[in-house]
Amino acid sequence: MRPITSIRASALPLAWICPGSLQPCEVPINRRNEPAANGSAAHRVCEALPKTGSCNWDRLHEICVDFGADESEVRVLCALAQKLWPQLAEFFPFGVSEASFSTDMGYKLHLDNVTRTLTGTADLVSAQGCVLRILDWKFGWRDADYGQQMRAYMAVPLLVYPDLERATATIAWARDQQIEHYSMTRDGAHTWAEQLRSNVLSWDGTYHPGDHCIRCNRQHECPAANAIARYSIAAINELDADDACLSIASLTDEQAIDLYGKARTVAHVASLALDAIRSRAMNGPIESGPSRLEIVTEERRELNVLGAWPVLQERLTTTELAQCVKISLSEAESVIAKKAGRGNGAKAKEAFREELDSRELITRKPVHKLVQRRR
């Protein structure tokens, strides 16, 4: 075990369950994924909400490119955040976006002669007299408890700044259109800091595995997480492939949710394994007996639409062209916004959408996703 000297508030929801998650990785892995990129981009686009009441739609395309995010998904997330904002605006006058804090600013978090630093960055902070208000956007599903992150956001300023007496923290769940509130007094901040010392910093080396392991950066080298993975794989392996649907239909709700967690763990482990094997195969074929794994490079043809347009028009009718060409709605909006010029993009896109809607030219299709949420 290594003494932890720096802790981010965002790591505390997991650390409160299993303090071992704070231990540094022997082999750090950057697990960049699309949902995380979409959330980061949405945060950036929503930074304009406190000042203008509207997201920074003119920069949405540019921001999505910077983060490698899905522009269509980010647009939906930001629209949901903007819809929720009127319920929050009155509590955050003169709010400051991306406000960073640290216990280094005036409070010493000691344990065993080692000083720990607790840091974090809140999406929005507003001070009104002796009360501090904090807002944190969440763009995923309401599938985890972020209470300890919010308590850290409140505790550190209360411990550092003597003029503050009370703090409130609000989670705004954009997808679910729900608001979650927390509050803390100065005395509560001191109590919470003691709980942090006893529950998290005084780790005895015992791991606490569970469904939360899938969110831990150490899962690939954690013995407890690996044991859970083996157990989950064994449980899934016991399902009869031919009767799996019938077997699952007969489970109780509790059993179905438990199996869902195991299946997610197995799917995640399988995904990591496939990625690792693919990376190894990039260095050369993997061979054993009659089997061979190798990277195959295929050529994919792409049409230069602009250059080929006259040729297409000579051979295809307008109806036939429509069957061949797929236009991205978000890309079309982005081009229209740029064409309108700085400061006019949002209005141009809104007029474009209204015209399409009035002519019933936008088809909306439901997308069904299985998500696990907190009750």
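Numbers at a glance
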read-out: Single residue of region 174-204 satisfying the filter (among the charged types (D, E, K, R) and touching a helix residue (DSSP H, G or I) at 6+ places or on another chain (Cβ under 7 Å)) that is farthest from Thr5 (Cα to Cα); value: Arg175
read-out: Helices (runs of 4 or more DSSP H) (entirely within region 292-375) containing at least 3 residues that are among the small types (Gly, Ala, Ser), touching a helix residue (DSSP H, G or I) at 6+ places or on another chain (Cβ under 9 Å) and surrounded by 12 or more Cβ atoms within 10 Å (Cβ to Cβ); value: 329-340, 345-358
read-out: Residue list for region 86-125, restricted to those being modelled with pLDDT of 90 or more and crowded, with 19+ Cβ neighbours inside 10 Å; value: Leu88, Phe92, Ala122, Asp123, Leu124, Val125
read-out: Region 193-222, residues that are in a loop (DSSP other than H, G, I, E, B) and among the small types (Gly, Ala, Ser); value: Ser202, Gly205, Gly210
read-out: Residue ID - farthest from Gln372 (Cα to Cα), chosen from residues in region 259-291 that are assigned to a helix (DSSP H, G or I) and among the β-branched types (Val, Ile, Thr); value: Ile277
read-out: Sole exception among (1) under 23 Å from Ser21 (Cα atoms); (2) of a type in the set (A, V, I, L, M); (3) in contact (Cβ under 8 Å) with a residue 40 or more places away in the chain for Met154, by number; value: (3)
read-out: Tally, over region 46-69, of residues that are part of a helix (DSSP H, G or I) and more than 15 Å from Lys138 (Cβ to Cβ); value: 16
read-out: Test for Thr206: is it of a type in the set (S, T, N, Q) and either crowded, with 16+ Cβ neighbours inside 10 Å or under 30 Å from Gly95 (Cα atoms) (or both); value: no
read-out: Some residue of region 49-70 being touching a strand residue (DSSP E or B) at 6+ places or on another chain (Cβ under 7 Å), not assigned by TED's automatic domain parsing to the domain that holds His190 and not β-branched (Val, Ile, Thr); value: yes
read-out: Which numbered condition Lys83 fails, given (1) free of Cβ contacts under 8 Å to residues at least 60 places away in the same chain; (2) in a helix (DSSP H, G or I); value: (1)
read-out: Test: residue in region 254-267 that is free of Cβ contacts under 8 Å to residues at least 12 places away in the same chain, within 30 Å of Arg215 (Cα to Cα) and loosely packed, with under 10 Cβ neighbours inside 10 Å; value: yes
read-out: Meets criteria (over 19 Å from Trp192 (Cβ atoms), in contact with an Asp or Glu (Cβ under 9 Å, 6 or more places away or on another chain) and buried (at least 20 other Cβ atoms within 10 Å of the Cβ)) for Cys46; value: yes
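Let's see how each residue does on (1) outside the structural domain of Arg215 (by TED's automatic domain parsing); (2) free of Cβ contacts under 8 Å to residues at least 40 places away in the same chain; (3) touching a Lys or Arg at 6+ places or on another chain (Cβ under 8 Å); (4) of a type in the set (Phe, Trp, Tyr):
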{"position": "Asp275", "(1), (2), (3), (4)": "no, yes, no, no"}
{"position": "Glu331", "(1), (2), (3), (4)": "yes, no, no, no"}
{"position": "Gly341", "(1), (2), (3), (4)": "yes, yes, no, no"}
{"position": "Lys349", "(1), (2), (3), (4)": "yes, no, no, no"}
{"position": "Lys369", "(1), (2), (3), (4)": "yes, yes, no, no"}
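The values are calculated or read from the model by the stated rules, or taken from the named source; none is laboratory data. Note that the structure is a prediction, hence the values are computed from the model and not measured. Every residue, glycine as well, gets a Cβ built from its backbone with ideal geometry; the counts of neighbours run over all protein chains shown.
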